[in-house]
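Data block below; observations after.
The values are calculated or read from the model by the stated rules, or taken from the named source; none is laboratory data. The model shown is predicted, which means the values in this text are computed figures rather than measured ones. Note: ideal-geometry Cβ built from the backbone for every residue, glycine included; neighbour counts use all protein chains shown. Just so you know, the surface numbers come from the protein's heavy atoms only, side chains and all, with ligands and any DNA or RNA stripped out. Shrake-Rupley method; radii C 1.70, N 1.55, O 1.52, S 1.80 Å.
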Amino acid sequence: MTSAAALAGAPVPTLVVAGPLAVYVAYKVLSSVYKRYVTLCAMDWTPYAARLMAPLLPAYALTGPAYYKADGVDDHIAKRREAGAKALSKRYDLLTGAEATKLSDALVGGLSDIRFTDTNRVPFQFQRETRAMFRVATIAAKSHGPELVDVDGGRSVDVSGSYGVNVCGYDAYKKMVDKAWSVARDLGPNVLGPIHPVMIDRVLPRLKALSKKEECSFHMSGTEAVMCAVRLARFNTKRKLIVQFAGAYHGWWDGVQPGPGSERANADVLYLKDMSEASLRCIRARSSEIAAVLVSPLQGLNPGKPPPSDLVLLDAKARETAKSKSDYKVWLHRLRRLCSACDVPLVFDEVYTGFRMAPGGAQEYYDVLADVVVYGKTLGGGLACGVVCGPSRLMRRFDPTRPLRVAYVIGTFSAAPVVVAAMAEFLDWLDAARASNLYGALERKTDAFVDDLNETLASKNLPLRLDNLTTVWTVLFKQPGRYHWMYQYYLRAEGLTLSWVGTGRCLVSLDFEDAHFAKVKAAIVNAAHKMKQDGWWDGDVSSKTIKNAITKELLTAVLFGSKPASD
């Protein structure tokens, strides 16, 4: 006979199962909601908004009188600006010799790279008129120290730094390449696959020691090296997501470009606010999904801001720098501790900062060891290269337990003999630079240059100042203005060579002498004085009036249409 107690207890097993299952389901739901919440709080939505706007925003061009009074100034100031622009245009014509003019026409007509950079120097509304007035194409034939000599014999001081490559000084790289060729000549430049002994004798051990990592992988550019680091992080952690911080640039590969610039939207990147508590919470909450946290240490100069190109310089607010450089160091140390606690690889993209901030790069400068470091640019001794350094556990490209599971990372010209030999020469130079404290001496000189120049600019009531992080410096504007981008053209007329991003990122190479600093100072002050004289900073202009003017222009273009700007 079945007892009443037994009957009463029959449903107990179901309740026992249902209870934990309900708790588990509730936990998963709440966990998912929390992760979504912390992610929404931590995300920087700027690039996603820009991506949405890109196909909707119509092209329009400000021409004629509208070009000179886009910030609402009166006709008197607009006429001063027009006269100043015409005078500046004549200076450009005089500076551009016959040979440069002929070669420039050939370049613009056939080299798409030049056509892109030439178009994207200034905000799009002003591009058509600006390109018609100012011919910008430095066709250089020689270099002497940090000075370039164009095909007609004109000289300029190069503060572009060749996009970060020029750390040592051009004359040093010439010697490195000459010596590298003498080392690799017997084997040949394109014997690929076999490894030249210079790799074992002079490169691999030193790179491992410098980076404090177990293994290295060689590539043909910084962008390619970042691609390698990201692919290997995903492969070896078996996780999908990559964390990037707002404003950081990690090359032109679409996998690290959430905003305009790539047509492929990426759903495997968490684009988080830089130096934010919310971002730390997000990393902690989603650590089991994150393959790597990718950091560009150059953001210590302008945290959370995009690469400071004059293209987006619609107002002074578009460009800001850190109030305290030490705050970024504190941030990196906190990030390091969090990544260690959560078992998330920390990757330093040192393509730009490696061997510029210090002989040991940003790892040495900030006293933070990343799990993986990516190098490029100057490490090649004047030749194109990319290198990834990391621990064996993150550098593996095959799964020993699953033979068909591999991370395919390879390149035809990776570790080409002449490039590796040039690296060896650069590393020799680096040892000498460390021994002579060349880095520290030039950083002090650059700091003094910036401080002295800022005092001079303030004493002359010129509305700009400089800020720097080691030998990287940027121009900041102290008042609202819609024409700050015009300053790059005045600087070029004063004999400075800038990269296509303009005044946002300039560099000092380690061969700069007092005379070069003096020339750059004179150019900056004279250019600012002439720009002020021509009325570009005049008028009752505020950030609000600039924003209203741009909004009105956009609405007019959307509602009434506009001719697309010609490229």
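List of remarks:
- J(HN,Hα) series, the range 228-235, from Karplus relation 6.51 cos²θ - 1.76 cosθ + 1.60, nearest Hz, glycine and proline x: 4, 4, 5, 4, 5, 5, 5, 5
- Remark: the chain carries 47 Å² of accessible area per residue (probe radius 1.4 Å; ligands, DNA and RNA excluded).
- Over the range 211-275, relative contact order from alpha-carbon pairs under 8 Å, at least 6 apart, %: 30 percent
- The chain: relative contact order in percent, alpha carbon pairs under 8 Å with at least 6 residues between: 23 percent
- When you restrict to C-alpha pairs under 8 Å that are six or more residues apart and normalise by the size of the range 61-200, the relative contact order lands at 20 percent.
- Computed lengthening from His333 to Glu214, 0.36 nm per intervening residue step minus Cα-Cα distance: 40.7 nm
- Viscosity 1.002 mPa s, temperature 20 °C, Stokes-Einstein D of the chain from Kirkwood C-alpha radius, µm²/s: 82 µm²/s
- Placing a label point 7 Å from the Cα of Arg155 along the Cα-to-Cβ direction, the residues of the range 100-139 whose backbone N falls under 18 Å from that point are 139.
- The range 101-160 and the range 223-295 have Cα centres separated by 34 Å.
- For the peptides 332-340, 84-92, 217-225, residues were scored by their other Cβ atoms within 10 Å and the scores averaged per peptide; the highest-first order is 217-225, 332-340, 84-92.
- For Val541, the accessible area of its heavy atoms, probed at 1.4 Å with every protein chain present, is near 30 square angstrom.
- Sites Arg393 and Phe124, calculated FRET efficiency, Cβ-Cβ separation with R0 60 Å, nearest 0.05: 0.80
- At the residue level, Trp500 shows approximately 60 square angstrom of accessible surface with a 1.4 angstrom probe and all protein chains present.
- Taking the charge dipole of the chain about its Cα centre, with +1 at Lys and Arg Cβ atoms and -1 at Asp and Glu Cβ atoms, the residue from Ala432, Val419, Ser276 reaching farthest to the positive side is Ser276.
- Whole-percent carbon and sulfur share, accessible surface of the range 167-304, 1.4 Å: 54 percent
- Working note: 222 nm ellipticity from helices only, DSSP H runs with n ≥ 4, each -39,500 (n - 2.57), summed and divided by the residues of the chain, gives -14500 deg cm²/dmol to the nearest 500.
- Each of Phe235, Ala362, Ser543 was placed along the dipole of the chain (beta-carbon charges, centred on the mean Cα), and the one lying farthest toward the positive end is Phe235.
- Spacing of the modelled spin labels on Thr412 and Arg284, each 7 Å from Cα toward Cβ, amounts to 5.0 nm.
- Residue (of Thr497, Val330, Ala515) at the positive-pole extreme of the chain, dipole from beta-carbon charges: Val330
- Largest to smallest accessible area among Met486, Met275 [probe 1.4 Å]: Met275, Met486
- When nucleic acids and ligands are ignored and a 1.4 Å probe is applied, Glu277 ends up with an accessible area of around 90 Å².
- Taking a point 7 Å from the Cα of Ala448 along the Cα-to-Cβ direction, the residues of the range 460-499 with backbone N closer than 20 Å to it are 466-474.
- Cβ-Cβ distance of Val25 and Leu369, R₀ of 41 Å, FRET efficiency by 1/(1 + (r/R0)^6): the value works out to about 0.50.
- Label-to-label distance, nm, for residues given as Ala515 and Ser542 (7 Å Cα→Cβ offset): 5.0 nm
- Computed from the C-beta positions of Arg206 and Thr117, the FRET efficiency with R₀ = 41 Å rounds to 0.70.
- By the Kirkwood approach, averaging reciprocal distances over each pair of separate Cα atoms, the range 365-501 gets a hydrodynamic radius of 19.7 Å.
- Net charge, Glu263 excluded, C-beta distance under 13 Å - Lys, Arg +1, Asp, Glu -1: +1
- Label-to-label distance, Lys323 versus Lys460, with points set 7 angstrom from Cα along the beta-carbon direction: 3.0 nm.
- Dipole magnitude for the chain: about 1400 debye, using +1 per Lys or Arg Cβ and -1 per Asp or Glu Cβ, origin at the Cα centre.
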